[in-house]
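Here's the structure, in structure tokens; my notes come after.
The values are calculated or read from the model by the stated rules, or taken from the named source; none is laboratory data. Because the structure is predicted, anything quoted here is derived from the model rather than measured. We place every Cβ from the backbone using ideal geometry, glycine too, and count neighbours over all the protein chains shown. Each accessible area value is taken on the protein alone, full model and side chains, heavy atoms only, with ligands, DNA and RNA left out. Shrake-Rupley method; radii C 1.70, N 1.55, O 1.52, S 1.80 Å.
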Amino acid sequence: MDSIAPFDVAHIRQVFPLLKRTVRGKPLVFLDSAASSQKPQVVIDAISNYYEQHHANVHRGVYALSAEATEMFEDARRATARFLNAASTREIIFTRGTTEGINCISTCFERAILQPGDEVLISGMEHHSNIVPWQIACEQTGAHLRVLPITDSGELRMDLFESLLTERTRIVSMV
């Protein structure tokens, strides 16, 4: 994507095709990204190209198309690792979406890290997909779920953030 100024709404509307639409005579505003994020045209084009030209089993075939799809998959993993400054591509795990990713992380933490008395910190503005997995993990382990409150205007109470972090905090998971 081109380099853009922060919150350049006009540019964002240009690169995300769905945001060019109007609904009831007004420019579309899409705020349900926790469930279904919109895609910029470059992503739509890459996905379309993959399905049209390269779609095959990844890591499961010895034929040319499978090897090609696997290389593309691993190229994406390498690019993601570089973007996130990961120490290794082994740190990059692809899931179908955020909800599945949070469920994977909470299950791993529940089984390997969380102990009775540990704490998980979330905020009061979280989507239920970032609340329920941590509630379950805390129930299963005896850990405590702590919640950073929000103001009446829907802003995080960052003045309280540091006071909620303790030596028992094992993960902070919030928007």
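How far is helix 64-84 tilted, in degrees, relative to the longest principal axis of the Cα atoms in the chain, given as a value from 0 to 90 rounded to the nearest 10?
With both axes taken from Cα atoms, the answer is about 40 degrees.
How much net charge surrounds V147 when only other residues with a Cβ under 13 Å from its Cβ are counted (Lys, Arg +1; Asp, Glu -1)? Let's see the in-between values first.
On the way: positive: R146, R157; negative: E119, E126.
For residues surrounding V147, the net value is 0.
Would you mind pulling out the separation of the Cα centroids of segment 124-143 and segment 39-57, in Å?
Taking the Cα centre of segment 39-57 as reference, the centre of segment 124-143 is 34 Å away.
Rounded to the nearest 0.05, what FRET efficiency do L84 and D152 have when you use their Cβ-Cβ distance and R0 = 35 Å? Walk me through the numbers before you get to the answer.
Values: r = 35 Å, r/R0 = 1.00.
About 0.50, to the nearest 0.05.
Under a point spin-label approximation (7 Å from Cα along Cα-to-Cβ), what is the R111-E167 distance to one decimal in nm?
3.0 nm
State the percentage of accessible surface on the chain attributable to carbon and sulfur atoms; use a 1.4 Å probe and exclude ligands, DNA and RNA. Show your work: numbers first, answer last.
Values: 6860 of 12310 Å².
Carbon plus sulfur share of accessible area: 56 percent.
Might you tell me the accessible area per residue for the chain, computed with a 1.4 Å probe and given in Å²?
Values: 12310 Å² over 175 residues.
Counting only protein heavy atoms, the per-residue value for the chain is 70 Å².
What number results when the radius of gyration of segment 52-127, computed over Cα atoms, is divided by 2.2 N^0.38 Å? Each step should come with its number before you reach the end.
Details: Rg = 17.0 Å, N = 76, 2.2 N^0.38 = 11.4 Å.
In units of the globular-protein estimate, segment 52-127 measures up at 1.49.
Normalise the Cα radius of gyration of segment 42-91 by 2.2 N^0.38 Å (N = residues in it) and let me know the number.
Numbers: Rg = 12.1 Å, N = 50, 2.2 N^0.38 = 9.7 Å.
Ratio of Cα Rg to 2.2 N^0.38 Å: 1.25.
So between T95 and V132, what do we pick up on full extension, going 0.36 nm a residue minus the alpha carbon distance? Present the calculation step by step, with values, prior to reporting the outcome.
On the way: separation 37, 0.36 × 37 = 13.32 nm, distance 1.82 nm.
Length gained between T95 and V132: 11.5 nm.
Using θ = phi - 60° and the Karplus relation 6.51 cos²θ - 1.76 cosθ + 1.60, list the HN-Hα couplings for segment 144-151 in order, rounded to whole Hz, with x at every Gly or Pro.
Coupling constants for segment 144-151: 10, 8, 10, 10, 6, x, 10, 7 Hz.
On the first, second and third principal axes, largest extent first, how far apart are the outermost C-alpha atoms of segment 15-73 in Å?
52, 21, 14
To one decimal place, what orientation-averaged projected area in nm² is obtained for the convex hull of the Cα set of the chain?
On the way: hull surface 57.0 nm².
Mean shadow area of the hull around the Cα atoms is 14.3 nm².
Okay, helix-only estimate at 222 nm for the chain: each DSSP H run of n ≥ 4 adds -39500 (n - 2.57), divide by all residues, round to 500 deg cm²/dmol; what do you get?
Details: 6 runs with 70 residues, N = 175.
Helix-only estimate at 222 nm: -12500 deg cm²/dmol.
What spacing in nm lies between the two simple spin-label points modelled at R21 and Q38, each 7 Å away from Cα in the Cβ direction?
A separation of 0.9 nm, rounded to one decimal place.
How many nm is it between the label spots at L160 and S48, if each spot is 7 Å from the Cα in line with the beta carbon?
With each label point 7 Å from Cα toward Cβ, the separation is 4.8 nm.
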